[in-house]
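Below you'll find the structure, written out as structure tokens, and then a few comments.
The values are calculated or read from the model by the stated rules, or taken from the named source; none is laboratory data. These numbers come from a predicted model, not from an experiment. Please note: Cβ atoms are built from the backbone with ideal geometry, for glycine as well, and neighbour counts cover all protein chains shown.
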Amino acid sequence: MANHSQPNPFAETDLRLYALAGDALQLVLDGLAVAGNGGEGDTNCAGSFHSSQVSLAMSQASHHGYHDITAVERTDTDKPSLDKKGECQSHPGKSVKRTYRLRYDGSRYPVPAALKALGPP
């Protein structure tokens, strides 16, 4: 889902995973946000913006025959503003990393609320 409007941009990429179940595909992971960005700005320079990226890795541990998935989310922020010369300067914040473990519950991998993609409008 993307909205490249200004001054309040928003974009999101989500992931769905399927497993082969006989001759059919079974949805096992639905709507995990793996990348996104957004924020609010004043159309000149000032604003508050964020971006996130999620890396996935299969874990050694497994539940109900499926390996756990380790998701590491990295979030970056920026608060640009005009300097004394009237030039726009970036002011990035400290990156924040969070780790989540997704465990198969017998029918699907529940997605943590913090990583859940926005649904269709």
Being touching a strand residue (DSSP E or B) at 6+ places or on another chain (Cβ under 7 Å) and loosely packed, with under 15 Cβ neighbours inside 10 Å is the filter here; which residues of the stretch 57-67 pass it? Ala57, Met58, Ser59, Ala61, Ser62
Restricted to the stretch 15-43 and to residues being more than 19 Å from Pro92 (Cβ to Cβ) and not hydrophobic (A, V, I, L, M, F, W, C), the residue surrounded by the most Cβ atoms within 10 Å (Cβ to Cβ) is Asp30
Count of residues meeting criterion [free of Cβ contacts under 8 Å to residues at least 12 places away in the same chain and touching a strand residue (DSSP E or B) at 6+ places or on another chain (Cβ under 8 Å)] in the stretch 68-88: 1
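Every residue in the stretch 81-104 that is of a type outside the set (A, V, I, L, M, F, W, C) and over 24 Å from Val54 (Cα atoms), please.
Ser81, Asp83, Lys84, Lys85, Gly86, Glu87, Gln89, listed by residue number.
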When the stretch 20-72 is examined, which residues are found to be at pLDDT below 95 and among the aliphatic types (A, V, I, L, M)? Leu20, Ala21, Ala46
Given the condition in contact with a Phe, Trp or Tyr (Cβ under 9 Å, 6 or more places away or on another chain) and either touching a residue at least 12 places away in the same chain (Cβ under 8 Å) or not aromatic (Phe, Trp, Tyr) (or both), answer yes or no: does some residue in the stretch 44-52 qualify? no
Is it fair to say Gly106 is within 19 Å of Asp30 (Cβ to Cβ) and touching a residue at least 40 places away in the same chain (Cβ under 8 Å)? yes
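When you scan the stretch 48-65, how many residues do you find that are at positive phi and small (Gly, Ala, Ser)? Outline the logic, then answer.
As a first pass, look at the stretch 48-65 and keep what is at positive phi: 64-65.
Next, from what is left, pick out any that are small (Gly, Ala, Ser): 65.
The number of residues fulfilling the criteria is 1.
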